[in-house]
């Protein structure tokens with residue numbers, strides 16, 4: 001089906017795919033798929049349905065159609081799915097408050113494979129030349145699509161505060177919509193007069209290439225569930241400054257800096273602290289190691305996949321266990 005559009009023909013074809021698969025388990029992904037995919041799976045004869053809930057839920061930042069879908073899912077959660085999997089405790093609590101069945105929720109953290117950040121200084125120099133950056137300035141970035149949840153105005157306002165203190169750095173905005181042709185974004189940059197310190201990089205498919213440039217990653221979001229980008233930055237040894245939303249504290253721990261959402265003054269302050277620490281080579285290298293170790297130890301891809309596998313096995317053999325006992 002086309003993005004954002006439900007078609008009768010698409011529903012029929014999806015039903016046939018599920019029916020013909022004779023799947024033991026059907027697992028769906030996010031609200032519309034939970035509702036439509038779950039119902040079609042049920043009608044196709046599959047009784048072991050797992051819903052997936054990933055993101056935060058915000059009344060202010062959610063469309064009317066999605067709000068209606070969420071309410072319907074909350075009602076059907078007591079009948080349709082056997083399990084609901086969330087990738088964060090924050091999302092789990094938020095959806096239980098909405099009315100979802102709390103008895104069937106499972107939290108399975110996102111998992112990550114080990115990746116080594118390039119120590120090839122020549123590669124970094126080449127990238128600095130490619131993107132026309134100043135080699136002697138700390139390079140900061142926010143990797144996030146242009147979306148109300150990401151609160152780019154909070155980030156840009158914090159940059160304005162730092163610019164008035166004459167702190168030298170380069171800031172990269174990376175992600176879908178982070179381009180000069182985005183009028184809403186460009187007007188914010190003009191409003192806060194930070195043109196000279198920011199570069200709009202747009203979307204990059206190989207984000208770890210770009211991460212090799214970054215000294216500090218900053219996330220200014222107003223709402224999140226489990227922001228992957230923080231774990232991805234930390235996995236290559238990039239310390240983070242982030243707002244206290246979703247499961248950010250669980251991800252960063254003591255390896256970075258956490259500030260209240262929607263507070264550009266405090267965000268600017270912690271960015272300033274982080275930039276100053278980059279001058280202390282020993283402390284900064286230790287912090288980079290702590291970042292990488294934390295993700296590898298707490299959020300491995302192996303733990304995530306084994307958690308899914310254990311849940312699937314539990315559902316598949318559910319009837320046999322009930323019969324046995």
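The values are calculated or read from the model by the stated rules, or taken from the named source; none is laboratory data. Owing to the predicted nature of the structure, the values given are computational and were not obtained by experimental measurement. Don't worry about glycine lacking a Cβ; one is built from the backbone with ideal geometry, like all the others, and counts go over all protein chains shown.
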Matching residues, segment 186-210, being in contact with a strand residue (DSSP E or B) (Cβ under 8 Å, 6 or more places away or on another chain) and within 26 Å of residue 298 (Cβ to Cβ):
207, 210
Considering every residue within segment 235-249, establish whether at least one is over 15 Å from residue 151 (Cα atoms), part of a helix (DSSP H, G or I), at pLDDT 95 or above and touching a strand residue (DSSP E or B) at 6+ places or on another chain (Cβ under 9 Å).
yes
Within segment 166-205, how many residues turn out to be in contact with a helix residue (DSSP H, G or I) (Cβ under 7 Å, 6 or more places away or on another chain), touching a residue at least 24 places away in the same chain (Cβ under 8 Å), surrounded by fewer than 18 Cβ atoms within 10 Å (Cβ to Cβ) and assigned to a loop (DSSP other than H, G, I, E, B)?
3
Exactly one condition in (1) at negative phi; (2) part of a loop (DSSP other than H, G, I, E, B); (3) without any contact (Cβ under 8 Å) to a residue 12 or more places away in the chain; (4) out of contact with any helix residue (DSSP H, G or I) (no Cβ under 8 Å at 6 or more places or on another chain) is false for residue 97; which is it?
(2)
Take the residues of segment 278-287 that are within 26 Å of the chain's Cα centre (by Cα) and either without any contact (Cβ under 8 Å) to a residue 60 or more places away in the chain or not assigned by TED's automatic domain parsing to the domain that holds residue 217 (or both): which is nearest to residue 137 (Cα to Cα)?
284
So residue 270 fits all but one of (1) surrounded by fewer than 12 Cβ atoms within 10 Å (Cβ to Cβ); (2) assigned to a helix (DSSP H, G or I); what number is the exception?
(1)
Go through (1) surrounded by 20 or more Cβ atoms within 10 Å (Cβ to Cβ); (2) modelled with pLDDT under 95; (3) out of contact with any helix residue (DSSP H, G or I) (no Cβ under 8 Å at 6 or more places or on another chain) and name the single condition residue 151 misses.
(2)
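Please determine, by comparing only the residues of segment 83-101 that are farther than 20 Å from residue 223 by Cα and touching a strand residue (DSSP E or B) at 6+ places or on another chain (Cβ under 6 Å), which one is surrounded by the most Cβ atoms within 10 Å (Cβ to Cβ). Reasoning before the result, please.
Going residue by residue through segment 83-101, those that are farther than 20 Å from residue 223 by Cα are 83-84, 101.
In the following step, the residues that additionally are touching a strand residue (DSSP E or B) at 6+ places or on another chain (Cβ under 6 Å) were identified as 83-84.
Details: 83: 19, 84: 27.
Among those that are farther than 20 Å from residue 223 by Cα and touching a strand residue (DSSP E or B) at 6+ places or on another chain (Cβ under 6 Å), it is 84.
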Just to be sure, is residue 230 in a helix (DSSP H, G or I) and crowded, with 17+ Cβ neighbours inside 10 Å?
yes
Would you be able to tell me the number of residues in segment 1-49 that are farther than 28 Å from residue 62 by Cβ and touching a strand residue (DSSP E or B) at 6+ places or on another chain (Cβ under 9 Å)?
4
Any residue at all in segment 246-256 that is crowded, with 20+ Cβ neighbours inside 10 Å and touching a residue at least 60 places away in the same chain (Cβ under 8 Å)?
yes
